[in-house]
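A quick write-up on the structure given underneath.
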Amino acid sequence: MTSDHLMTKANNTPRGTRSEAERMRMTLASAKSSTTILFVFLLFFGAYMYSRCISSNILASVNRLNPGSVISTSIPLPVKRNIHKQQPAPYSPLNCSAYDEIKKCTVNHPETLTDEDMHSSSSTKECPNYFRWIHEDLRPWRDTGITEEMIARANDTANFRLTIVNGKVYMQKIRKVFQTRDLFTIWGIVQLMRKYPGKLPDLDLMFNAGDKPTHRFKDYQGPNAITPPPVFSFCGQDSYVAIAFPDWSFWGWPEIRIRPWSTLLEDLKEGNKKTKWIERDPYAYWKGNPKVAPTRKDLIKCNVSEEKDWNARLYDMDWGRENRQGFHQSNLADQCVHRYKIYIEGAGWSVSEKYILACNSLTLLVKPRFYDFFTRSLVALHHYWPIKENDKCRSIKFAVDWGNSHKTIVRRIGTAASNFIQEDLKMDYVYDYMLHLLTGYSKLMKYKPIVPPDAVEMCFESMVCPEGGLRRKFMMESMVKAPSNTEPCTLPPEFDSSQLQAFHQENEDSIKEVESWENAFYNNHTK
């Protein structure tokens, strides 16, 4: 019975028994007083024991770290709290008036980040698996190193020379590039230095900004062969020597109004949500310029017609018309409405692959000749469905028919590819890839870089202030606003020969398996 019930009972007691009620009140009051005293005693006793326990635990921890140390426990030791460090101070805003007055780059970042700026940790997360290809790209110069003579021999094929000396970036133009590929590539490197100030070493490199690598392996083989020149490129090919580097469009492609990758990735994520996969058109979609390569002209033959439906919906992209109409029909985030999307190269490698893979649709990958820095880790039947290059129409039709009959598997493959792009190809990883690649390259250099006489310093102000329109807009949109407060991811080890062989074998087996399904289908279909 509770005290409230007892009090109610006492108040309702008849007059003749009032003394009993009074005695009950006195008993309850005494009980409450005793309970209060006991509670206060237990409170102080518990606090005392808790402080002793904390002191003992701290002492035990310290003694484990420093055997033989003696610490008095008469005063409780303060507990060191894991307080989150403040973000590094953001960079000063752009001041083009000051730049226009002196026409000189100013230092707008610290020489290097201190331990207080960065959250250093021995357990920094490991980089995605495709970072392991950095070791393979630099392998040709592992034994010889990179000499100034090798750099000079790349002069015949490179578009520009990039030199970094004492934390400053310089560019020497060698030959004209298409559109603004060089401008936005250099802009990306300037942003890398803003993200990780002081971490990029001095280096000197040649860059090919075309759609194809330029130096064949076979030209550097034989008893009297010389070491190939190291050339950075947007793509590579198995029979060519090239160092794959992130392409310019990660920072924006103003000529066709493709926004910087950090923004576009969010747009694509939202675009994926607009149409559920099961509600998407059950066909294979492609939109592009078929005139740039015979293989694309061949693809257009697979379009739907009155005579035949190969399950493909293909659209000829007239970039001139798109430009005049403001590119309203080429918004990438609005193109995730088909269950299947086709990737096919043009005259060389195409920048569109990452946009297609990000769509949650099953990517139908026409057998490629080239690769870029991240696509070498893609696996058939895990990230994409392989399409025969020499029999596209039948291959596409079979893929779509098979996929519409195996929806769960198809959705799983499309989701795996999209997750790979959304998670492993975030801009943080793009910058980390650049940092690890350029750092590894610099360690191979056998000479101290100097600034070429006709090179121009490239910095934040000198690149943004002279520009206007979309160029300036995309630069500002992709700008690194403050130094990173975390360490870059940890570079994974190189492949050993057995791992590399097993990886290639797995991919080859998956492609052959799809071909066997396709061949069996058409053999049975024609009987």
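The values are calculated or read from the model by the stated rules, or taken from the named source; none is laboratory data. In this text the structure is predicted, and so the values were computed from the model without any measurement. Heads up, the Cβs are rebuilt from the backbone with ideal geometry, glycines too, and the neighbour counts pull from every protein chain shown. Surface areas here come from the heavy atoms of the whole protein model, side chains and all, with no ligands, DNA or RNA. Shrake-Rupley method; radii C 1.70, N 1.55, O 1.52, S 1.80 Å.
Values computed for the structure shown
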{"read-out": "Qualifying residues in segment 358-377 (those that are at pLDDT 95 or above and aliphatic (A, V, I, L, M)) - the one nearest to Gly414 (Cα to Cα)", "value": "Leu362"}
{"read-out": "Pro197 being under 24 Å from the mean Cα position of the chain (by Cα), open to solvent by 10 Å² or more (accessible area, probe 1.4 Å) and modelled with pLDDT under 95", "value": "no"}
{"read-out": "Qualifying residue in segment 251-263 (condition: closer than 28 Å to Asp401 by Cβ, modelled with pLDDT under 95 and in contact with a Lys or Arg (Cβ under 9 Å, 6 or more places away or on another chain))", "value": "no"}
{"read-out": "Among residues of segment 239-264, those that are closer than 18 Å to Tyr441 by Cα and hydrophobic (A, V, I, L, M, F, W, C), counted", "value": "5"}
{"read-out": "Residue pairs meeting the criteria (Cβ under 8 Å; at least 6 apart or on separate chains; first open to solvent by 50 Å² or more (accessible area, probe 1.4 Å), in segment 222-239; second modelled with pLDDT under 95 and not in a strand (DSSP E or B))", "value": "Ile226/Tyr220; Ser239/Phe217; Ser239/Lys218"}
{"read-out": "Candidate set from segment 124-156 (those that are under 28 Å from Trp253 (Cα atoms) and open to solvent by 40 Å² or more (accessible area, probe 1.4 Å)); member that is nearest to the chain's Cα centre (by Cα)", "value": "Asn129"}
{"read-out": "Single residue of Lys176, Lys168 found to be open to solvent by 20 Å² or more (accessible area, probe 1.4 Å) and either more than 15 Å from Ala455 (Cβ to Cβ) or without any contact (Cβ under 8 Å) to a residue 24 or more places away in the chain (or both)", "value": "Lys176"}
{"read-out": "Qualifying residue in segment 271-287 (condition: in contact (Cβ under 8 Å) with a residue 12 or more places away in the chain, within 30 Å of Ile189 (Cβ to Cβ) and either hydrophobic (A, V, I, L, M, F, W, C) or open to solvent by 50 Å² or more (accessible area, probe 1.4 Å) (or both))", "value": "no"}
{"read-out": "Filter result for Arg339 (in contact with an Asp or Glu (Cβ under 8 Å, 6 or more places away or on another chain), open to solvent by 20 Å² or more (accessible area, probe 1.4 Å) and over 27 Å from Leu437 (Cα atoms))", "value": "yes"}
{"read-out": "From the options Lys291, Lys269, Lys273, Lys212, residue that is assigned to a helix (DSSP H, G or I), of a type outside the set (Asp, Glu) and either closer than 27 Å to Glu136 by Cβ or more than 25 Å from the chain's Cα centre (by Cα) (or both)", "value": "Lys291"}
{"read-out": "Residues of segment 469-527 satisfying the condition of being of a type in the set (Gly, Ala, Ser) and in contact (Cβ under 8 Å) with a residue 60 or more places away in the chain", "value": "Gly469, Ser478, Ala482, Ser484, Ser510"}
{"read-out": "2 or more residues among the small types (Gly, Ala, Ser) and surrounded by 14 or more Cβ atoms within 10 Å (Cβ to Cβ): qualifying helices (runs of 4 or more DSSP H) within segment 422-524", "value": "427-444"}
{"read-out": "Odd one out for Ala416, checked against (1) under 22 Å from the mean Cα position of the chain (by Cα); (2) open to solvent by 10 Å² or more (accessible area, probe 1.4 Å); (3) under 30 Å from Gly210 (Cβ atoms)", "value": "(3)"}
{"read-out": "Residue in segment 292-307 that is at pLDDT below 95 and open to solvent by less than 10 Å² (accessible area, probe 1.4 Å) present", "value": "yes"}
{"read-out": "Hits in segment 373-398 (condition: surrounded by fewer than 21 Cβ atoms within 10 Å (Cβ to Cβ), outside any helix (DSSP H, G or I) and in contact (Cβ under 8 Å) with a residue 12 or more places away in the chain)", "value": "Leu378, Val379, Ala380, Leu381, His382, Lys388, Glu389"}
{"read-out": "Test: Asn323 is surrounded by fewer than 19 Cβ atoms within 10 Å (Cβ to Cβ), assigned to a helix (DSSP H, G or I) and either at pLDDT below 95 or not acidic (Asp, Glu) (or both)", "value": "yes"}
{"read-out": "Qualifying position, being open to solvent by 10 Å² or more (accessible area, probe 1.4 Å), among the aromatic types (Phe, Trp, Tyr) and farther than 19 Å from Thr375 by Cα, among Phe207, Phe217", "value": "Phe217"}
{"read-out": "Meets criteria (out of contact with any strand residue (DSSP E or B) (no Cβ under 8 Å at 6 or more places or on another chain) and either among the acidic types (Asp, Glu) or under 19 Å from Trp286 (Cα atoms) (or both)) for Phe420", "value": "no"}
{"read-out": "Hey, Lys407 surrounded by fewer than 16 Cβ atoms within 10 Å (Cβ to Cβ), touching a residue at least 24 places away in the same chain (Cβ under 8 Å) and within 30 Å of Tyr522 (Cα to Cα) or not", "value": "yes"}
{"read-out": "Scope segment 348-363; condition open to solvent by 10 Å² or more (accessible area, probe 1.4 Å) and among the charged types (D, E, K, R); matching residues", "value": "Glu353"}
